[in-house]
Amino acid sequence: MKNQTNTIPEKINESDFVFERPSFLSKIFTLKMVLNTASVLSLFVIWGLLVNFGIYRFVLIPGPAEVLEWGIEWMGSKGFWMDASLSTLRVLGGFTFACLIAIPTGLMIGWNKIFSDLTFPTLEILRPIPGIAYIPIAILFFPWEEASVAFICFVGAFFPILLNTITGVRLIDRDYFRAAQCLGSRPRHIFWHIVVPGALPSISTGAALGMGIAWMASVAGEMISGKWGLGYRIWEAYTLIRYPLIVDGMIVIGLLGLGSSTLIRFITLRLIPWRKAITESLDESITK
Amino acid sequence: MVNNGSKQNGEGRISVRDVEKVYDPEGVNVRALEECNMEIEPGEFVMMVGPSGCGKTTLLNAIAGFSNVTKGTILLDENVIAAPGLTQAPGADRIVVFQGGALFPWKTVLDNLIFGPVVQGKNKDEAVAEARKLMDKLGLNRNTEDMYPGNLSSGMKRQVEIIRALINNPKVLLLDEPFRALDSLSKNLMHEYLLEVFEITKKTIFFITHDLEEAVFLADRVLIMTTRPGTIKAEIKVDIPRPRNYKVLGTDRFAELKERAFEAVREETLKAFEAGERELA
């Protein structure tokens, strides 16, 4: 089999290849970018048309121009940065705690039968209770307002991360466990070398889901408690009849949500380098 | 060639004595193995063929230490590795190469290779040096060492998996249809590769398969297992001299041995098939 080396050349000479450097313009105006931009623009165009022609009750909804005008003013104020940064901190705080507790718990539940029997039924009872239902209890319990909103985010993020972690462990091929045993592993080796990396792809899916739900929960939490935050601002804009600001708040939440899920994808791609080849080939087959 | 083993230190004898295995799912006794007896000499290459579901994998799992037997004993050299009541543990003295391949996809080729030595407490640098030495010896391109298994061809994955087993210097290699998923051209290459590895290492190999050509081409001895409850029905000594290469496949002796194996297995396959039909009806 020594002749199999031809799949991977010993040495690649640069002169073997002639690279055609793509021009700057062709890099920006890829079909993908054009379609992505068109998708976002069309949202604004359809919204503008619906409002402009007053279709159904759209006369009551602020239009894009108005929203833009209010938005620019809002973003120039100090209050905007307080709202945006406080909301982000609450979401990140709740999300981080959710990861710190849900991932180890999920790994143990997925891996250890006794731990699973001990904890899973209780968690299944808690699971259907939505984060919003915890708001009164959270306000009562936490002496600090920030903590109560972060806790609502925590509850929202916890279960998607937990369940995906458990599934991630349970879906690991039995042969990996057996192979590790054959090669002389003790339980701790199995945990760190098989259970953790084997569940990582599923954990990252759970984290992305959990992040989205944490944002949803934050808005609900802030509408009820707090003086700052995007959720609070939206609700305040409604009560003070400053309607365009409602939409501005919504857009900012959308953008921050997008930013945080991009961040998670960025981090997990680095944590799961072996997935890169697979994802790339998938991307290719979708594009073609 | 059965005497390969006597040339080395005589490690790696597998003795299966009066083994029985009854599965009892929901009170329905399924007798997978019955009065199963088998001796594999140190350094011998034994293939086992038999109809699907005949208990080949049950036997291999018992030898590997994944599941116990309900009667009888299995010995590896002097050590009892399976017997009723025994607490079994798989170990690096008998390593399995799996049907679906079990290279850890999250580890690079090199990290897969050093996994065994490292978890067994060996110094990492030493393990790396040893892995590289073995890669050279067994013809695995060193440029692959930083690649993930997902980027390797399926043949090369099996090659890495075999080396990952051999680096632990096991007494026996247990192969559970490892080349089943390969295309026939890669399969042929892997057969020749395994023969080469066998010539170099002289390890005891127990290999189960459905593929008669594979069995006769590789083995010193082909054992035929009956349909459930599985027991060894016949054995065919393959007297084709080693080292062998693909040219063996065209010889009369090869055809003759394959024919004999075919007839022995066919009878059992028919029985299994008819039994299956009755169960369905």
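The values are calculated or read from the model by the stated rules, or taken from the named source; none is laboratory data. Computed from a predicted structure; not experimentally measured. With ideal geometry, Cβ positions are generated from the backbone for all residues, glycine too; neighbour counts draw on all protein chains shown. Accessible surface areas use protein heavy atoms only, side chains included; no ligands, DNA or RNA. Shrake-Rupley method; radii C 1.70, N 1.55, O 1.52, S 1.80 Å.
Listed values, structure above:
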item: Residue list for segment A:170-189, restricted to those being closer than 17 Å to residue B:122 by Cα, assigned to a helix (DSSP H, G or I) and open to solvent by less than 30 Å² (accessible area, probe 1.4 Å); result: A:180, A:182, A:189
item: Qualifying residue in segment A:217-233 (condition: open to solvent by 60 Å² or more (accessible area, probe 1.4 Å), in a loop (DSSP other than H, G, I, E, B) and more than 14 Å from chain B (Cβ to nearest Cβ)); result: yes
item: Test: residue in segment B:194-214 that is of a type in the set (Ser, Thr, Tyr), within 10 Å of chain A (Cβ to nearest Cβ) and crowded, with 19+ Cβ neighbours inside 10 Å; result: no
item: Residue identified as within 12 Å of chain A (Cβ to nearest Cβ), assigned to a loop (DSSP other than H, G, I, E, B) and in contact with a Leu (Cβ under 7 Å, 6 or more places away or on another chain) among B:168, B:112; result: B:168
item: Qualifying residue in segment B:137-146 (condition: touching a residue at least 24 places away in the same chain (Cβ under 8 Å), surrounded by fewer than 18 Cβ atoms within 10 Å (Cβ to Cβ) and on the phi > 0 side of the Ramachandran plot); result: yes
item: Which listed residue is over 22 Å from residue A:130 (Cβ atoms) and either touching a residue at least 24 places away in the same chain (Cβ under 8 Å) or β-branched (Val, Ile, Thr) (or both), from A:198, A:156, A:184; result: A:198
item: Residues within segment B:38-64 that are within 14 Å of chain A (Cβ to nearest Cβ), open to solvent by 10 Å² or more (accessible area, probe 1.4 Å) and in contact (Cβ under 8 Å) with a residue 24 or more places away in the chain, tallied; result: 1
item: Qualifying residues in segment B:69-95 (those that are part of a strand (DSSP E or B) and open to solvent by 10 Å² or more (accessible area, probe 1.4 Å)) - the one nearest to the other protein chains (Cβ to nearest Cβ); result: B:94
item: Any hit, segment B:218-229, residues being out of contact with any strand residue (DSSP E or B) (no Cβ under 7 Å at 6 or more places or on another chain) and without any contact (Cβ under 8 Å) to a residue 40 or more places away in the chain; result: no
item: Candidate set: segment B:180-239, residues that are assigned to a strand (DSSP E or B), among the basic types (Lys, Arg) and at pLDDT 90 or above; chosen: the one farthest from residue B:16 (Cα to Cα); result: B:237
item: Residue in segment B:19-29 that is closer than 29 Å to residue B:199 by Cβ, modelled with pLDDT of 90 or more and assigned to a strand (DSSP E or B) present; result: no
item: Residue satisfying all of: in segment A:131-142; modelled with pLDDT of 85 or more and of a type outside the set (A, V, I, L, M); most open to solvent (accessible area, probe 1.4 Å) among these; result: A:141
item: Some residue of segment A:107-121 being within 14 Å of chain B (Cβ to nearest Cβ), at negative phi and not β-branched (Val, Ile, Thr); result: no
item: Close pairs from segment A:246-260: first among the hydrophobic types (A, V, I, L, M, F, W, C), partner at pLDDT below 90 and open to solvent by 30 Å² or more (accessible area, probe 1.4 Å), Cβ under 6 Å, at least 6 apart; result: A:246/A:238
